[in-house]
Each structure stands twice: as structure tokens, then as C-alpha cells.
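Written below as C-alpha cells is the structure these notes are about.
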Amino acid sequence: MKVLHVEDNPYDAELVHQIVVAEWPDCVVTLVTTADAFTAELRRGGVDVILSDFSLPSFSGMGALDLAKQHAPGTPFIFISGTIGEDRAIEAVKSGARDYVLKDRMKRLVLSMRDALRETKEHRERVQAESRVHEQSDILNRAHEAIIITDLEGRILYWNVGAERIFGWPAAEVMGCTAAQIFKDPEETARIRAAREITAVKGEWHGELRLHNRKGGVIFIEMRRSLVSESDGRAKAHLTLASDISEQKSLEEQVQRAQRLENIGLLAAGIAHDLNNMLAPVLLAVPMLRASAVDDNSRRLLTTLEYSAERGAALVRQILGFARGVGGEPQLVQIRHLLRDVDKFVAGTFPDNISLESDLPLDLWTIMANPTQINQVLLNLCVNARDAMPQGGTLRLRAENCRLAEAAAMAIEGGKPGAFLMIEVADTGTGIAPEVMERMWEPFVTTKVTGKGTGLGLSTVRGIIKNHHGFIELRTEVGKGTSFRVYLPAVEGTAEDPIRPIALPVPRGHGEHILVVDDEEPIRDVIATILGQHGYRVSVAADGAEATACFARHADEIQLVISDFYMPNLSGAVLAKVLKHINPDVRILMVSGRAAASGSRSPLKVGEYNGVFLQKPFKPEALLRKVQELLATRPAVGSGQ
């Protein structure tokens with residue numbers, strides 16, 4: 001230990017030296033009498049205690065105290081004086097002196113020094129401990145996770161920056177609070193309380209919680225809780241580590257929804273197959289029945305039947321388009337007809353408290369578009385408008401020819417000048433809040449309650465319009481309503497409906513032998529009847545195995561095979577391979593009630609089997625033309641090829 005003693009009286013200095021060394025034999029006592037010497041020793045450092053007379057000839061004891069505070073802050077300073085009064089002693093302590101000892105009571109010096117050394121040591125340890133705590137706290141605050149410490153009653157003792165970031169409450173607002181005082185939802189506080197109780201019993205808990213942050217947003221938390229115990233094993237606190245897994249949960253929900261949509265697509269494909277097989281005999285039989293109709297009423301009923309079957313087939317194609325994202329090639333479309341269909345749909349299915357206003361001029365330009373996808377756009381926008389008017393309101397459907405100048409186009413996001421057909425779907429509903437508009441076009445984002453929406457509507461709308469080289473203008477005001485204006489490139493000067501091709505005479509056969517294979521008896525029989533009535537010789541088979549046997553017997557006679565693609569026992573694809581092996585020149589016409597087998601989604605590559613594809617249901621004219629087309633490509637019998 002090193003003691004620095006400021007004293008001009010050698011007798012007093014010797015007395016102090018003897019007292020100090022008697023108590024601490026290894027102690028080094030350095031005596032100084034001037035300010036310069038005192039400052040020099042302070043700068044050398046290592047001083048544990050400073051002892052100073054109050055009155056000195058060269059400089060004062062208060063001056064020594066000031067120098068000590070300047071060069072050795074924190075070092076205990078004790079005055080030793082015979083002349084210091086009570087007032088000056090109090091002033092000295094207030095100025096930073098640790099204590100004062102009167103020279104006629106020198107026995108107090110050792111006690112005062114012991115107290116000073118002890119307090120200095122404790123202060124130093126406390127500062128070091130606080131420094132370590134601050135360092136540890138800084139490390140914890142850098143953690144991405146929320147780190148929370150609560151007492152056994154659930155009151156918050158520690159709340160790091162990660163907790164502030166995840167939950168939104170600053171530490172100053174939550175210190176000493178319980179979960180019930182922070183999270184107002186009773187279900188949320190009940191779940192947190194249950195986790196705390198399990199931790200108290202088992203020592204730890206791990207799980208996921210759905211909570212609301214300070215702004216009211218829903219967050220998903222992965223939480224781990226454990227008990228913090230004293231050295232004797234008694235629990236003293238709960239430590240909680242929490243991670244925000246909201247983004248992970250959102251991705252999981254997206255995957256689940258995508259899988260659900262894929263399953264819906266598979267289900268829709270199966271339903272479409274069955275419905276097309278039911279509609280196929282109707283469309284095939286109507287022309288035959290029309291030929292035998294004897295009066296106008298019968299012919300009118302048959303026309304109605306044919307029209308209904310065609311509408312049913314179109315509906316099936318639309319369902320498949322919605323479910324699988326396909327719908328055929330773009331074609332010339334008069335939007336007025338699509339809007340009228342949407343008008344009928346809205347009038348028949350929307351609540352009575354929603355009134356419909358339509359403005360569809362007769363001179364609307366046509367567009368090159370996929371009608372199924374445009375219909376999907378209109379339905380999505382109308383359904384959103386309906387949901388925005390839970391208390392009722394007005395839905396407006398409007399279309400007009402529009403020519404955008406460059407200035408007007410620049411005012412619309414993604415806009416460009418030119419001739420467009422503008423379609424507007426507007427409502428008088430709740431409008432769209434600014435915070436919703438920021439994310440409304442993103443996939444899987446929805447403001448509807450769970451189970452009421454996938455969040456795919458508007459993202460699908462934007463994707464379809466973009467693929468059609470169009471753009472969307474949004475106008476909305478909270479509490480007053482929303483307007484979506486869809487701009488699609490127009491084919492100018494084509495207000496009339498697209499011209500239908502002139503019907504050509506139905507081709508007839510000349511005794512060619514055709515094998516018809518289908519597991520649906522009504523379809524098989526009707527196709528065979530039509531072919532027979534038009535000059536073909538027909539054999540039939542109920543499945544692939546029966547067809548193989550029949551073809552093997554008449555391989556040199558059968559010039560064309562009409563086969564369903566999906567059949568039990570032997571599928572159309574396998575049957576085609578077998579028949580080609582028997583006779584490489586055989587022509588094959590594949591038919592199916594499912595999506596076109598000749599498309600990219602089909603497992604059958606029709607070019608490998610000298611065949612083409614025909615989608616069920618089809619009319620007799622389409623069937624007969626495909627038959628003629630295939631027979632015209634086959635080498636003549638006996639040509640040697």
C-alpha cells in the first residue's frame with residue numbers, strides 16, 4: 001500500500017508514519033511539502049490514500065484536495081489538522097474529502113483509513129461490476145432475439161432492444177409490468193400465463209405464440225422460457241428468449257395455400273373430365289336428332305339443348321382456366337358480352353342491398369385477349385367490391401373507348417399512350433387504407449378474415465392485365481369507395497362482333513375402317529353412329545385391351561383409331577404405343593374430357609403416334625373434319641409404303 005502524506009511539520013509527519021507502519025508494516029509512506037512535489041507523486045500514480053494537513057505555508061489543504069481530484073480522482077483524501085473547525089471540515093467533506101482527523105485524536109486515523117480503503121475497494125468493485133453489466137447488456141441488446149427477465153410473479157426486470165424491436169414497447173414503459181398489463185387480449189395473456197406456470201413446474205417451456213405488437217399487428221413468436229435459480233437451487237426469476245417467426249409463418253401459409261390451390265386444380269380436372277363426358281353425347285346427338293325433327297318447335301328445343309350443352313362445356317373450360325391458370329390462346333373479344341355475363345352473375349348472386357349500374361355502349365372496340373382470364377379479372381374485382389360494401393351500396397360496371405395522350409398516360413402507374421378499351425369496376429364501399437395499398441398487389445396478402453380469402457385476387461388481376469400489355473388505374477378514398485380502371489390495348493374500328501367463319505360442308509367417308517375406343521358407352525355409341533351415317537365402317541371397343549385384340553385381327557384394314565386418353569386397364573397413351581408397334585402407319589385421334597393432351601402439360605406427345613387431339617365435348621362437324629384430316633395423311637392401302 002502507498003500513502004502520500006502532505007505535511008510541513010516533521011514531528012507530525014513522523015507520528016503519522018509510525019501509526020501507519022505499525023498497522024500496515026509493508027506500507028510505503030511518501031512525504032511531500034510543496035505543491036510541485038505533491039503533483040509529481042500524483043502523476044506517478046499508485047497512491048492508495050492521501051493524508052494532508054489543512055494549513056500549509058506553501059499551499060493550502062483545499063488546494064491539495066483540488067490537485068488530488070484533478071490528478072488522482074477517486075483516491076480517498078483525509079485531512080489531518082489541529083486547527084480545522086467544524087464549518088471548514090464540513091466544507092472539505094462536501095468538496096470531496098473522505099474524512100478529517102484531529103491531531104489530538106490520532107487514534108481515529110487507522111479507523112478512518114480502514115473505512116476509506118474498504119469503501120474505495122467496494123466502489124472499485126461496484127464500478128467494475130457495473131461495467132461488466134453494461135458490457136453484457138450491450139451484447140444482449142445486439143441480439144436479434146428478444147431477451148426478457150421477469151420475477152416469479154411475472155413482473156418485467158429486463159427488456160432488451162430486441163424485445164423493443166419485436167414487440168414495439170420501449171423498456172422504460174414495461175419495466176415492472178406484467179404480461180396482462182402489456183398485452184390486452186385475454187387469450188394472449190392466458191397463453192403467456194400458462195407458459196409461465198409450466199416453466200415454474202418443469203423448469204422450462206418451448207412453443208409458439210400468436211400475439212399483437214404495440215401497433216396492433218399480428219406477430220408469431222417462437223418462445224423459450226427457463227428458470228433462473230440461486231446458488232442454493234431456489235428459483236428467483238424467469239428467462240425468456242423470443243424470436244419473431246412471422247415471415248416464416250407467412251411463407252408456410254403461402255406454401256399451404258399454393259398446395260391447396262394445386263389440389264383444387266386436380267379436383268377441377270377430374271370434375272371437368274366427368275362433366276365433359278356427360279356433355280359429349282348431347283353435343284354429338286343433337287345434329288342427328290335435328291335431321292329427323294319434323295316441326296319448328298322440335299328444332300327450337302334441340303337448338304336450346306345444344307346451346308345449353310355448349311354453355312356447360314364453356315363453363316367447364318372456365319373452371320379449368322381458374323384452377324390451372326390456362327384458358328386458350330388470345331382471340332378477338334367483344335368485351336360487352338363478357339360484361340353482360342358478369343352483370344348476370346352479380347345480379348343473381350350478390351346481396352339485395354347492393355345495386356348494380358351498368359354502362360355498356362354498343363360501339364365498344366374489340367380487344368385481343370384470353371376471354372377466360374379477362375372474365376376472371378372482372379369477377380375478382382366485382383367480388384372485392386362486394387366485400388367492401390358489407391352494409392350495401394352501389395356497384396358500377398362501365399366500359400368506354402379511350403385514347404390516352406402521353407401526358408394522361410404518364411399520370412397512371414405503368415400507363416402508356418395509345419388506343420385502349422377502358423373497363424371500370426367501382427363501388428361505394430369502405431375504400432382502401434394507405435397502409436393496405438402499400439401491399440395490396442402482393443401475393444397472399446389479404447385483409448379478409450381467415451377462410452374468407454387467399455390473398456391472390458389482386459395479384460392475379462395485375463398479372464393477367466400485364467400479360468395482356470395493359471395497366472390498371474386505382475382511385476380510392478377511405479369511407480367513400482374505390483374505382484379500378486383496367487386499360488387494355490384496343491383493336492380500333494372493330495366495334496362489331498368478330499366475324500364467324502363460313503360453315504363448310506361436312507366431309508363424308510368412303511368406307512374407311514375406323515376403330516372407336518372409349519370406356520363411356522354413350523360416347524362410344526354416338527361416335528360410332530355419326531361415323532356410320534357419314535360413310536365410314538366402324539368397330540368399337542370398351543377399353544385398351546379389347547381395342548388391341550380387335551386391331552390385331554384387322555391391322556391391315558383399320559386406317560384410323562379414335563381413342564379416349566384416360567381409360568381403365570390400358571390407357572390411350574399405352575394403347576397408341578402398342579398399335580404403332582403393330583402398324584407404324586396407323587393414325588390415331590386422341591379424345592379426352594380433361595385438359596388438352598396435346599398441350600405442354602400432357603404426358604402424351606401426339607407427334608410420336610401419328611395422331612392429333614380433340615377436346616371433349618365436341619360437335620360432329622369437328623369430329624368429322626379431324627377424321628378427314630388424319631385419313632388424308634395416311635399412305636394408301638397397298639401402296640407398299
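The values are calculated or read from the model by the stated rules, or taken from the named source; none is laboratory data. Worth saying up front: this structure is predicted, and the values here are computed from it rather than measured. A quick note on method: Cβ atoms are made from the backbone with ideal geometry, for glycine too, and the neighbour counts reach across all protein chains shown. What goes into the accessible areas is simple: the full protein's heavy atoms, side chains included, and nothing from ligands, DNA or RNA. Shrake-Rupley method; radii C 1.70, N 1.55, O 1.52, S 1.80 Å.
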(message) Need the failing condition index for Pro25 against (1) open to solvent by 40 Å² or more (accessible area, probe 1.4 Å); (2) under 21 Å from Met106 (Cα atoms); (3) assigned to a helix (DSSP H, G or I), just the number.
(response) (3)
(message) I want to confirm something. Restricting to the range 269-296 and keeping residues that are aliphatic (A, V, I, L, M) and not in a helix (DSSP H, G or I), which single residue is farthest from Glu521 (Cα to Cα)?
(response) Val294
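Every residue, every condition in (1) out of contact with any strand residue (DSSP E or B) (no Cβ under 7 Å at 6 or more places or on another chain); (2) surrounded by 16 or more Cβ atoms within 10 Å (Cβ to Cβ), yes or no:
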site	(1), (2)
Glu230	no, no
Asp244	no, yes
Glu247	yes, no
Ala269	yes, yes
Arg299	yes, no
Thr304	yes, no
Ala314	yes, no
(message) Looking at the range 188-200, I want the residues that are closer than 17 Å to Ile149 by Cα and of a type in the set (Ser, Thr, Tyr) and have a partner that is at pLDDT 90 or above and outside any helix (DSSP H, G or I) with Cβ atoms under 7 Å, at least 6 apart or on another chain. Which pairs are those?
(response) Thr189/Phe183; Thr199/Trp205; Thr199/Arg225; Thr199/Ser226; Thr199/Leu227; Thr199/His238
(request) Can you work out which of the residues in the range 511-531 that are farther than 19 Å from Gln628 by Cβ and of a type outside the set (Lys, Arg) is surrounded by the fewest Cβ atoms within 10 Å (Cβ to Cβ)? (result) Glu521
(message) Whether any residue in the range 428-444 is modelled with pLDDT of 90 or more and not small (Gly, Ala, Ser) is what I want to check.
(response) yes
(message) Residue under question is Thr34, and the condition is that it be of a type in the set (S, T, N, Q) and touching a residue at least 60 places away in the same chain (Cβ under 8 Å); does it hold?
(response) no
(request) Kindly check whether there is at least one residue in the range 199-207 that is part of a helix (DSSP H, G or I), over 27 Å from Asp138 (Cβ atoms) and touching a Gly at 6+ places or on another chain (Cβ under 8 Å). (result) no
(request) Might you let me know whether the range 112-119 holds any residue that is polar (S, T, N, Q), open to solvent by less than 70 Å² (accessible area, probe 1.4 Å) and over 22 Å from Val20 (Cα atoms)? (result) no
(request) Would you point out which residue out of Glu306, Glu252 is closer than 30 Å to His144 by Cβ and of a type outside the set (Phe, Trp, Tyr)? (result) Glu252
(message) Please count how many residues of the range 534-579 are β-branched (Val, Ile, Thr) and either over 24 Å from Met278 (Cβ atoms) or open to solvent by 50 Å² or more (accessible area, probe 1.4 Å) (or both).
(response) 5
(message) I need every pair where a residue in the range 403-415 that is within 12 Å of Glu473 (Cβ to Cβ) has its Cβ under 9 Å from the Cβ of a residue that is open to solvent by 90 Å² or more (accessible area, probe 1.4 Å) and outside any helix (DSSP H, G or I), sequence separation at least 6 or different chains.
(response) none
(request) Those residues that are in contact (Cβ under 8 Å) with a residue 60 or more places away in the chain and either open to solvent by 50 Å² or more (accessible area, probe 1.4 Å) or among the polar types (S, T, N, Q) (or both), I need them from the range 150-187; list them, please. (result) Thr150, Leu152, Leu157
(request) Could you check Met223 against (1) open to solvent by 70 Å² or more (accessible area, probe 1.4 Å); (2) closer than 27 Å to Tyr158 by Cβ and say which number it fails? (result) (1)
(request) Scan the range 223-263 for residues that are over 27 Å from the mean Cα position of the chain (by Cα) and among the acidic types (Asp, Glu) and report the count. (result) 2
(request) Of all residues in the range 7-22, count the ones that are out of contact with any Lys or Arg (no Cβ under 9 Å at 6 or more places or on another chain) and assigned to a helix (DSSP H, G or I). (result) 10
(message) I need the full set of residues from the range 70-91 which are out of contact with any Phe, Trp or Tyr (no Cβ under 6 Å at 6 or more places or on another chain) and either part of a strand (DSSP E or B) or surrounded by 15 or more Cβ atoms within 10 Å (Cβ to Cβ) (or both), in order please.
(response) His71, Ala72, Thr75, Pro76, Phe77, Ile78, Ile80, Arg88
(request) May I ask you to say which residue of Pro57, Pro76 is under 22 Å from Leu111 (Cα atoms) and not charged (D, E, K, R)? (result) Pro76
(request) Evaluate the range 146-168: report whether one residue or more is part of a helix (DSSP H, G or I), touching a Lys or Arg at 6+ places or on another chain (Cβ under 8 Å), under 19 Å from His238 (Cα atoms) and modelled with pLDDT under 90. (result) yes
(request) Return the total of residues in the range 120-145 being modelled with pLDDT under 75, of a type in the set (A, V, I, L, M), part of a helix (DSSP H, G or I) and surrounded by fewer than 15 Cβ atoms within 10 Å (Cβ to Cβ). (result) 2
